[in-house]
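The values are calculated or read from the model by the stated rules, or taken from the named source; none is laboratory data. Everything numeric in this text was worked out from a predicted model, so none of it was measured. Cβ placement follows ideal geometry from the backbone for every residue including glycine, while neighbour counts extend to all protein chains displayed.
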(Lines give C-alpha, C1' and ligand atoms only; values in the text may rest on other atoms or scores of the structure.)
Protein backbone atom coordinates (compact mmCIF):
# COMPACT_ATOMS: atom_id res chain seq x y z
CA UNK A 1 0.00 0.00 0.00
CA UNK A 2 1.21 3.48 -0.92
CA UNK A 3 -0.12 6.90 0.04
CA UNK A 4 0.81 10.43 -0.96
CA UNK A 5 -0.93 13.69 -0.03
CA UNK A 6 -1.42 16.01 -3.01
CA UNK A 7 -2.59 18.86 -0.75
CA UNK A 8 -3.65 19.14 2.88
CA UNK A 9 -5.27 22.07 4.68
CA UNK A 10 -8.01 24.67 4.43
CA UNK A 11 -6.84 25.64 0.93
CA UNK A 12 -7.40 22.13 -0.41
CA UNK A 13 -7.19 18.43 0.35
CA UNK A 14 -6.50 15.34 -1.73
CA UNK A 15 -4.88 12.02 -0.83
CA UNK A 16 -3.61 9.42 -3.30
CA UNK A 17 -3.84 5.77 -2.27
CA UNK A 18 -2.43 2.86 -4.24
CA UNK A 19 -2.87 -0.84 -3.55
CA UNK A 20 -1.89 -3.89 -5.59
CA UNK A 21 -4.77 -3.35 -8.00
CA UNK A 22 -6.46 -0.02 -7.19
CA UNK A 23 -5.58 3.66 -7.48
CA UNK A 24 -7.87 5.89 -5.44
CA UNK A 25 -8.14 9.53 -4.46
CA UNK A 26 -9.69 10.57 -1.17
CA UNK A 27 -11.13 14.06 -1.77
CA UNK A 28 -10.42 16.42 -4.65
CA UNK A 29 -10.25 19.86 -3.07
CA UNK A 30 -7.74 21.39 -5.47
CA UNK A 31 -8.07 22.12 -9.17
CA UNK A 32 -8.21 19.35 -11.72
CA UNK A 33 -5.03 20.81 -13.25
CA UNK A 34 -3.14 20.60 -9.96
CA UNK A 35 -4.36 17.07 -9.30
CA UNK A 36 -3.24 16.00 -12.76
CA UNK A 37 0.18 17.67 -12.42
CA UNK A 38 0.87 16.32 -8.94
CA UNK A 39 -0.13 12.80 -9.88
CA UNK A 40 2.11 13.03 -12.94
CA UNK A 41 5.04 13.95 -10.68
CA UNK A 42 4.74 10.49 -9.08
CA UNK A 43 4.21 8.81 -12.46
CA UNK A 44 0.46 8.36 -12.16
CA UNK A 45 -1.95 9.46 -14.89
CA UNK A 46 -5.27 10.84 -13.72
CA UNK A 47 -7.05 8.53 -16.18
CA UNK A 48 -5.57 5.61 -14.25
CA UNK A 49 -7.43 6.59 -11.08
CA UNK A 50 -10.17 4.03 -10.40
CA UNK A 51 -12.28 6.29 -8.21
CA UNK A 52 -12.47 9.39 -6.04
CA UNK A 53 -14.20 9.09 -2.67
CA UNK A 54 -15.46 12.27 -1.00
CA UNK A 55 -15.57 12.88 2.75
CA UNK A 56 -17.94 15.88 2.63
CA UNK A 57 -19.13 18.71 0.44
CA UNK A 58 -16.90 21.61 1.56
CA UNK A 59 -15.01 23.07 -1.38
CA UNK A 60 -11.57 22.32 0.06
CA UNK A 61 -12.51 18.65 -0.38
CA UNK A 62 -14.64 18.78 -3.53
CA UNK A 63 -13.45 21.64 -5.77
CA UNK A 64 -12.45 19.52 -8.78
CA UNK A 65 -15.50 17.24 -8.88
CA UNK A 66 -17.33 18.87 -11.83
CA UNK A 67 -14.20 18.52 -13.97
CA UNK A 68 -13.31 14.90 -13.29
CA UNK A 69 -14.18 12.17 -15.79
CA UNK A 70 -13.33 9.31 -13.45
CA UNK A 71 -15.87 7.70 -11.06
CA UNK A 72 -16.73 9.87 -8.06
CA UNK A 73 -18.16 8.17 -4.95
CA UNK A 74 -20.30 10.39 -2.71
CA UNK A 75 -22.52 9.68 0.27
CA UNK A 76 -26.17 9.33 -0.68
CA UNK A 77 -26.89 12.17 1.79
CA UNK A 78 -25.28 14.75 -0.49
CA UNK A 79 -25.53 13.37 -4.03
CA UNK A 80 -28.36 15.82 -4.70
CA UNK A 81 -25.74 18.59 -4.59
CA UNK A 82 -23.93 17.05 -7.55
CA UNK A 83 -26.49 15.21 -9.71
CA UNK A 84 -26.17 17.54 -12.69
CA UNK A 85 -22.50 18.41 -12.22
CA UNK A 86 -20.56 15.13 -12.14
CA UNK A 87 -20.17 12.91 -15.20
CA UNK A 88 -19.71 9.60 -13.40
CA UNK A 89 -21.43 9.85 -10.04
CA UNK A 90 -21.73 6.85 -7.74
CA UNK A 91 -23.42 6.68 -4.33
CA UNK A 92 -22.37 4.96 -1.15
CA UNK A 93 -24.34 4.46 2.04
CA UNK A 94 -22.55 5.58 5.19
CA UNK A 95 -21.38 2.50 7.09
CA UNK A 96 -21.99 0.08 4.21
CA UNK A 97 -18.79 -1.37 2.73
CA UNK A 98 -18.14 -0.99 -1.00
CA UNK A 99 -15.21 -2.04 -3.15
CA UNK A 100 -12.96 -0.45 -5.71
CA UNK A 101 -11.10 -3.39 -7.23
CA UNK A 102 -9.14 -5.10 -4.40
CA UNK A 103 -9.87 -2.40 -1.82
CA UNK A 104 -12.81 -2.47 0.60
CA UNK A 105 -13.89 0.99 1.73
CA UNK A 106 -15.96 1.67 4.83
CA UNK A 107 -17.20 5.15 5.71
CA UNK A 108 -18.20 6.24 9.20
CA UNK A 109 -19.75 9.46 10.55
CA UNK A 110 -17.54 12.14 12.08
CA UNK A 111 -18.46 15.39 13.90
CA UNK A 112 -17.97 18.41 11.62
CA UNK A 113 -20.12 21.31 10.40
CA UNK A 114 -21.04 19.71 7.09
CA UNK A 115 -24.16 17.89 5.90
CA UNK A 116 -23.05 14.31 6.59
CA UNK A 117 -19.24 14.17 6.91
CA UNK A 118 -17.38 10.88 7.08
CA UNK A 119 -13.99 9.31 7.67
CA UNK A 120 -12.78 6.25 5.82
CA UNK A 121 -10.96 3.00 6.19
CA UNK A 122 -9.49 1.33 3.11
CA UNK A 123 -8.52 -2.29 3.49
CA UNK A 124 -6.96 -5.00 1.34
CA UNK A 125 -6.11 -8.56 2.29
CA UNK A 126 -2.75 -7.21 3.54
CA UNK A 127 -3.14 -3.71 4.93
CA UNK A 128 -5.56 -1.19 6.42
CA UNK A 129 -5.49 2.59 6.03
CA UNK A 130 -7.52 4.90 8.29
CA UNK A 131 -8.28 8.51 7.33
CA UNK A 132 -9.93 11.21 9.46
CA UNK A 133 -9.68 14.93 8.80
CA UNK A 134 -12.13 17.73 9.60
CA UNK A 135 -13.39 16.41 12.92
CA UNK A 136 -14.28 18.52 15.92
CA UNK A 137 -13.81 15.84 18.57
CA UNK A 138 -12.86 12.20 18.71
CA UNK A 139 -15.58 9.65 19.33
CA UNK A 140 -15.69 6.00 20.36
CA UNK A 141 -16.92 5.11 16.87
CA UNK A 142 -13.95 6.84 15.24
CA UNK A 143 -11.52 4.97 17.49
CA UNK A 144 -13.24 1.66 16.83
CA UNK A 145 -13.23 2.11 13.06
CA UNK A 146 -9.57 3.14 12.94
CA UNK A 147 -8.28 0.37 15.21
CA UNK A 148 -5.91 -2.04 13.53
CA UNK A 149 -4.79 0.43 10.88
CA UNK A 150 -1.31 -0.07 9.45
CA UNK A 151 -1.29 3.49 8.12
CA UNK A 152 -3.12 6.52 9.50
CA UNK A 153 -3.89 9.98 8.18
CA UNK A 154 -5.16 12.07 11.10
CA UNK A 155 -6.03 15.74 11.44
CA UNK A 156 -3.63 17.77 13.60
CA UNK A 157 -5.25 21.12 12.86
CA UNK A 158 -4.22 23.58 15.54
CA UNK A 159 -2.13 24.23 18.60
CA UNK A 160 -4.41 25.42 21.42
CA UNK A 161 -2.14 28.27 22.52
CA UNK A 162 -1.47 29.45 18.98
CA UNK A 163 -5.20 29.53 18.27
CA UNK A 164 -5.92 31.41 21.50
CA UNK A 165 -3.52 34.22 20.60
CA UNK A 166 -4.03 34.18 16.83
CA UNK A 167 -5.48 37.12 14.87
CA UNK A 168 -8.60 35.12 14.05
CA UNK A 169 -11.90 36.72 15.20
CA UNK A 170 -13.43 35.18 18.29
CA UNK A 171 -16.36 33.59 16.47
CA UNK A 172 -13.98 31.75 14.15
CA UNK A 173 -11.88 30.55 17.08
CA UNK A 174 -15.03 29.23 18.72
CA UNK A 175 -16.04 27.45 15.54
CA UNK A 176 -12.63 25.77 15.22
CA UNK A 177 -12.66 24.65 18.87
CA UNK A 178 -16.27 23.45 18.79
CA UNK A 179 -17.45 19.85 18.57
CA UNK A 180 -18.12 20.46 14.88
CA UNK A 181 -14.82 22.19 14.14
CA UNK A 182 -11.28 20.87 13.90
CA UNK A 183 -9.02 18.69 16.00
CA UNK A 184 -6.21 20.19 18.08
CA UNK A 185 -2.74 18.67 18.37
CA UNK A 186 -3.55 17.63 21.94
CA UNK A 187 -6.84 15.95 21.00
CA UNK A 188 -5.30 14.27 17.96
CA UNK A 189 -2.42 12.88 20.01
CA UNK A 190 -4.97 11.48 22.46
CA UNK A 191 -6.71 9.70 19.59
CA UNK A 192 -3.38 8.43 18.32
CA UNK A 193 -2.61 6.85 21.70
CA UNK A 194 -5.74 4.70 21.41
CA UNK A 195 -4.69 3.46 17.97
CA UNK A 196 -1.06 2.49 18.52
CA UNK A 197 -0.26 -1.18 18.00
CA UNK A 198 2.82 -3.11 16.87
CA UNK A 199 1.72 -3.28 13.22
CA UNK A 200 1.11 0.47 12.85
CA UNK A 201 3.84 1.56 10.44
CA UNK A 202 3.06 5.14 9.42
CA UNK A 203 1.18 8.20 10.71
CA UNK A 204 0.57 11.27 8.54
CA UNK A 205 -0.38 14.50 10.32
CA UNK A 206 -2.88 16.29 8.10
CA UNK A 207 -4.86 19.52 7.70
CA UNK A 208 -2.45 21.72 9.71
CA UNK A 209 -3.59 25.32 10.04
CA UNK A 210 -1.32 27.85 8.34
CA UNK A 211 -1.89 30.41 11.13
CA UNK A 212 -2.68 28.34 14.22
CA UNK A 213 -0.16 25.51 14.00
CA UNK A 214 3.29 24.57 12.82
CA UNK A 215 5.02 21.34 11.88
CA UNK A 216 7.20 21.32 14.99
CA UNK A 217 4.28 21.48 17.43
CA UNK A 218 2.22 18.85 15.58
CA UNK A 219 5.20 16.51 15.26
CA UNK A 220 6.10 16.85 18.95
CA UNK A 221 2.56 15.95 20.08
CA UNK A 222 2.49 12.92 17.77
CA UNK A 223 5.98 11.82 18.78
CA UNK A 224 5.12 12.02 22.49
CA UNK A 225 1.95 10.00 21.96
CA UNK A 226 3.92 7.23 20.30
CA UNK A 227 6.74 7.42 22.85
CA UNK A 228 4.30 7.13 25.76
CA UNK A 229 2.85 4.07 24.06
CA UNK A 230 6.29 2.49 23.95
CA UNK A 231 6.66 2.53 20.16
CA UNK A 232 9.10 4.98 18.60
CA UNK A 233 9.88 3.29 15.28
CA UNK A 234 6.62 4.39 13.63
CA UNK A 235 7.16 6.75 10.70
CA UNK A 236 5.65 10.23 11.35
CA UNK A 237 5.06 12.51 8.37
CA UNK A 238 3.62 16.03 8.24
CA UNK A 239 1.54 16.64 5.12
CA UNK A 240 2.50 19.83 3.21
CA UNK A 241 -0.30 22.33 2.72
CA UNK A 242 0.20 23.28 -0.91
CA UNK A 243 2.50 20.66 -2.31
CA UNK A 244 2.85 16.94 -2.78
CA UNK A 245 4.27 14.84 0.04
CA UNK A 246 6.74 12.00 -0.22
CA UNK A 247 5.27 8.67 -1.25
CA UNK A 248 4.91 6.47 1.83
CA UNK A 249 4.90 2.73 1.21
CA UNK A 250 4.47 -0.29 3.43
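Points to keep in mind about this one:
- So residue 122, is it surrounded by 24 or more Cβ atoms within 10 Å (Cβ to Cβ), without any contact (Cβ under 8 Å) to a residue 60 or more places away in the chain and over 18 Å from residue 179 (Cβ atoms): no
- Residue within the stretch 196-207 that is surrounded by fewer than 18 Cβ atoms within 10 Å (Cβ to Cβ), touching a residue at least 24 places away in the same chain (Cβ under 8 Å), under 26 Å from residue 31 (Cα atoms) and more than 17 Å from the chain's Cα centre (by Cα) present: no
- Entry remark, the stretch 178-194: residues being surrounded by 19 or more Cβ atoms within 10 Å (Cβ to Cβ) and assigned to a helix (DSSP H, G or I) number 6 in total.
- Consider the stretch 84-98 and keep the residues that are within 24 Å of residue 45 (Cβ to Cβ) and in contact with a helix residue (DSSP H, G or I) (Cβ under 6 Å, 6 or more places away or on another chain). The one that is surrounded by the most Cβ atoms within 10 Å (Cβ to Cβ) is 86.
- Scanning the stretch 76-83 finds no residues that are crowded, with 21+ Cβ neighbours inside 10 Å and closer than 24 Å to residue 134 by Cα.
- Per-region count, the stretch 33-71, residues out of contact with any strand residue (DSSP E or B) (no Cβ under 8 Å at 6 or more places or on another chain) and more than 19 Å from residue 8 (Cα to Cα): 6
- The conditions of being surrounded by fewer than 22 Cβ atoms within 10 Å (Cβ to Cβ) and more than 23 Å from residue 94 (Cα to Cα) are met by residue 211.
- Scanning the stretch 195-214 for residues that are more than 17 Å from residue 136 (Cβ to Cβ) and either assigned to a strand (DSSP E or B) or touching a helix residue (DSSP H, G or I) at 6+ places or on another chain (Cβ under 7 Å) (or both) gives 195, 196, 202, 203, 204, 205.
Rundown of residues vs (1) assigned to a loop (DSSP other than H, G, I, E, B); (2) surrounded by fewer than 22 Cβ atoms within 10 Å (Cβ to Cβ); (3) touching a strand residue (DSSP E or B) at 6+ places or on another chain (Cβ under 7 Å); (4) modelled with pLDDT under 95, yes/no style:
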| residue | (1), (2), (3), (4) |
| --- | --- |
| 106 | no, yes, yes, no |
| 111 | yes, yes, no, no |
| 114 | yes, yes, no, yes |
| 141 | no, yes, yes, no |
| 144 | no, yes, no, no |
| 148 | yes, yes, yes, no |
| 153 | no, no, yes, no |
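- Condition met for residue 57 (surrounded by fewer than 21 Cβ atoms within 10 Å (Cβ to Cβ) and assigned to a loop (DSSP other than H, G, I, E, B)): yes
- The listed residue being at pLDDT 95 or above, within 23 Å of residue 151 (Cα to Cα) and part of a loop (DSSP other than H, G, I, E, B), out of 94, 24, 35, 30: 94
- Complete set of residues in the stretch 157-174 that are closer than 24 Å to residue 190 by Cα and either touching a strand residue (DSSP E or B) at 6+ places or on another chain (Cβ under 9 Å) or part of a loop (DSSP other than H, G, I, E, B) (or both): 157, 158, 159, 160, 163, 165, 166
- Taking residues in the stretch 133-145 that are on the phi > 0 side of the Ramachandran plot, and partners anywhere that are in a loop (DSSP other than H, G, I, E, B), the pairs with Cβ atoms closer than 6 Å and at least 6 places apart or on different chains are 134/112.
- Residues of the stretch 215-242 that are touching a helix residue (DSSP H, G or I) at 6+ places or on another chain (Cβ under 8 Å), surrounded by fewer than 16 Cβ atoms within 10 Å (Cβ to Cβ) and assigned to a loop (DSSP other than H, G, I, E, B): 232 alone.
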